[in-house]
Structure formats: C-alpha cells, structure tokens
Amino acid sequence: MPAFLSIPPLAAERYIVHGFSTVPMGSMGLTHATDPERVGESRRKFARSLNVRPETLTVVGAVHGSEIARVDRAVPLVKEVDGLVTDRPGVALFATFADCYPLIAYDPHNRALGLAHAGWRGTEDGIAKKLVAMLKSEYGSVASELRVGIGPGICGDCYEVGPEFAERFPPEVLKPGAGDRLLLDLVEANRRQLLEAGVLPKRIRALEFCTFESDRLFSHRRQPDGSRFAALVVLR
C-alpha cells in the first residue's frame, strides 16, 4: 500500500507530480501543532517521498476563503489565500486539510498549475470557478483543456450541516440528514462549478476517499486535534 494517495489521471500526466499524505506520514498541520519541528520534518519527508525538494514547498495559508494568488518562486507561506497558481517548474504548491477538499487544476498546453483549499465557505464563494478563472487570466488557460482532480475530503453521506445551508447551496448538493440537519456534498458542489466554468466532465476526476470514514486520513469531524493531511503538486 503506497504511503501517499494520488488521482490516477493526474498521476499519468508527464509534467506534474502530486500526492496526498496519509496518517502514517504524520500530521502536516502547523497551526495547532504542539511540536512544530516534528510537523516540519513530516512535511520534509512527504516532499522527499515525491522526489520534491522540501525547500521548494510553497504553502497555502488556508483561511477558509476563496482568494487565489499567483506565485513565481518558492516562498515558505502565502498568507490570506486558499489557492495558488504557478507556471514555474519546481515551485511545489502545498496545502493542508482535515475534511475540506483539495482541488488540483492542470493545464498541459500552457504548463500551468493550480491548487485550492475548498471548504464549505470557499465552495459557497465559488473557489473552483475562481481557480479556473485565475489560470485563464494569468496563463491563457482554456477551461476545456484543463485536467482537474478533486482530492479526498468528507463525503456527502457524512458531512452533516445545519438547516441554514439550504439557503447557501443549491438543493442538488443537499439531502436530508437526521432531524432538521442536512448532508452537504462538496464534491458535487465543486464539480458543478467546474462544469459551469467550462471544464469538460471527462476531465474532472474525484478521488472517492472519505476522510471521516477512513483512518488513513486526518478528519476534524472525527478527531478535532489540529492534525492535518497535505496535498502537494508541482510542475516537473
């Protein structure tokens, strides 16, 4: 069993490398870490497992919004954003998660790449559409040529939310839960945004792996201790 997870169509792409860390690799989250140096070492080991130089990790601040920034060189942290785009080989985009969804968008024609952190707030604010728009504005990407991967997160059968979400999301991505609760399908919500932005259905692939159900990934709903898994993607 591999130490990290990947999305098969993206793994087959010649000019990018990507992966999602698993519990045995350790927590990748620094914000609530009791031992930051241990987290730093876990991040370095994860990078090396993908043959990526740890000093090139460029970390998404992940503030549960929808702002996306362009990066042209590796920097340790880009604050106040939930997504990054680049066309520079060797700039490793990196973000941490614990139920929210990683979105990876790759433009093989212009050799450009994006990584976003899609929680319910970012999804409500259209982060998937904004990722596509950013690749278009910065690199001339055409939506129909993009290859998009949706990484692991809490699935639509497990993500219970309050009744007020009926006013935040379309009914197609919600279903009844216990009592007045609702179940929110963030994969479908983001997939619909990508389709509206012009991404072709056949070029969107979701990794069917629920963080709440699987003990291979960290989940805030299951274990709210600040532990996080990571997504890493880089142009060769």
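The values are calculated or read from the model by the stated rules, or taken from the named source; none is laboratory data. The structure displayed is predicted, hence computed values, not measured ones. So basically every Cβ, Gly included, is an ideal-geometry build from the backbone, and we count neighbours across all protein chains shown. Just the protein is used for accessible areas: all its heavy atoms, side chains included, with ligands, DNA and RNA removed. Shrake-Rupley method; radii C 1.70, N 1.55, O 1.52, S 1.80 Å.
Unpaired Cys in the chain, meaning no second Cys C-beta under 4.7 Å: Cys100, Cys158. Tell me which lysines have Cα within less than 22 Å of Lys202's Cα, excluding those fewer than 8 residues away on the same chain? Correct list for Lys202: Lys129, Lys130, Lys136. Report the paramagnetic label zone for His64: residues of the stretch 15-36 whose backbone N is under 15 Å from a point 7 Å from Cα along the Cα-to-Cβ axis. So the set is 31-32. Estimated from the Cβ-Cβ distance and a Förster radius of 25 angstrom, the FRET efficiency linking Arg48 and Val23 is about 0.90. Using the Karplus relation 6.51 cos²θ - 1.76 cosθ + 1.60 with θ = phi - 60°, the per-residue 3J(HN,Hα) values for the stretch 212-229 come to 6, 8, 9, 7, 7, 10, 6, 9, 5, 5, 7, 8, x, 10, x, 5, 9, 9 Hz, with x marking Gly and Pro.
Explain nothing, just the number: dipole magnitude of the chain about its Cα centre with +1 on each Lys and Arg Cβ and -1 on each Asp and Glu Cβ, in debye rounded to the nearest 20.
Roughly 900 debye for the chain.
Relative to one another, the C-alpha centroids of the stretch 1-60 and the stretch 131-151 are positioned 23 Å apart.
Across the stretch 106-194, the mean sequence separation of Cα contacts (distance under 8 Å, 6 or more residues apart), normalised by length, yields a relative contact order of 30 percent. Once C-alpha pairs closer than 8 Å and six or more residues apart are averaged by separation and normalised to the residue number of the chain, the relative contact order reads 26 percent.
Over the residues of the chain, the helix contribution to mean residue ellipticity at 222 nm works out to -5500 deg cm²/dmol, using -39500 (n - 2.57) for each DSSP H run of at least 4. In the chain, a dipole from Cβ-located charges (positive for Lys and Arg, negative for Asp and Glu) runs towards its positive end, and of Leu146, Leu131, Pro224 it is Leu146 whose Cα lies farthest in that direction. Full extension of the chain between Asp72 and Glu55 yields a length gain of 4.7 nm, computed as 0.36 nm times the residue separation minus the alpha carbon distance.
Accessible surface of Cys155, taken over heavy atoms with a 1.4 Å probe and every protein chain present, rounds to 30 Å². What the chain shows is 46 Å² of accessible area per residue, with the surface traced by a 1.4 Å probe over protein heavy atoms. Carbon-plus-sulfur accessible fraction, the chain (probe radius 1.4 Å, protein heavy atoms only): 49%. Of the beta bridges in the chain, as assigned by DSSP with both residues counted there, near 70 percent are antiparallel.
Would you mind calculating the relative contact order of the stretch 67-148 from Cα pairs under 8 angstrom and at least 6 residues apart, reporting the percent as a whole number? About 30 percent, as a whole number.
The modelled label-to-label distance for the pair Thr34/Asp225, using points 7 Å beyond Cα in the direction of Cβ, is 0.8 nm. Summarising the amide proton neighbourhood of Ala112: residues at separation of 5 or more, or on other chains, whose placed amide H is nearer than 5 Å comprise Asp107.
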